[in-house]
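**Q** My structure is below; once you've seen it, I'll send some questions.
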């Protein structure tokens, strides 16, 4: 079992969405984030949190008064999070490549993460019934 690092703290999806969507606890969340940035050497952002944030932002207009966000706007929000000082994502390069596929190939972010991971591992085919993968050059689907 790996030892815990007392100089790092992680954030989850609900925390990030509270800041982005200006929920009732936004001021508290922003204050906690400033405290964490001062106290910890790293604020860890799991890639799963990024995927969940993208998923929620894609559909938020269905449940609130927020207008539908474009993929480019969502990409900008996520890049802003990744560019925040002390925020670290272990899979940052993978996420950034996925953001490019997400916007340029107009595929769901979850699929973009899969494509980025598969390509990074030197694989150029995928067993799938999902037509989104056909939009990626060199990613011939085997279904």
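**Q** Please indicate, with yes or no, whether at least one residue in region 10-26 is assigned to a strand (DSSP E or B), more than 24 Å from residue 136 (Cα to Cα) and touching a residue at least 40 places away in the same chain (Cβ under 8 Å).
**A** No, the conditions are met nowhere in region 10-26.
**Q** May I ask you to verify whether residue 85 is in contact (Cβ under 8 Å) with a residue 40 or more places away in the chain, out of contact with any strand residue (DSSP E or B) (no Cβ under 8 Å at 6 or more places or on another chain) and exposed (fewer than 13 other Cβ atoms within 10 Å of the Cβ)?
**A** yes
**Q** Now, a different point. Report the residue count in region 126-142 for those that are surrounded by fewer than 18 Cβ atoms within 10 Å (Cβ to Cβ), at pLDDT below 80, in contact with a helix residue (DSSP H, G or I) (Cβ under 9 Å, 6 or more places away or on another chain) and assigned to a loop (DSSP other than H, G, I, E, B).
**A** 1
**Q** Related question: Hey, does region 107-125 have a residue that's under 25 Å from residue 17 (Cβ atoms) and either in a loop (DSSP other than H, G, I, E, B) or free of Cβ contacts under 8 Å to residues at least 12 places away in the same chain (or both)?
**A** The answer is yes, given that some residue of region 107-125 is under 25 Å from residue 17 (Cβ atoms) and either in a loop (DSSP other than H, G, I, E, B) or free of Cβ contacts under 8 Å to residues at least 12 places away in the same chain (or both).
**Q** Just to verify a result, which residue in region 60-71, among those that are surrounded by 11 or more Cβ atoms within 10 Å (Cβ to Cβ) and assigned to a helix (DSSP H, G or I), is modelled with the highest pLDDT?
**A** Of everything passing the filter in region 60-71, 71 is modelled with the highest pLDDT.
The values are calculated or read from the model by the stated rules, or taken from the named source; none is laboratory data. Just so it is clear, the structure is predicted and the values come from calculations on it, not from any experiment. Ideal geometry is used to build each Cβ from the backbone, glycine not excepted, and the neighbour counts take in all protein chains shown.
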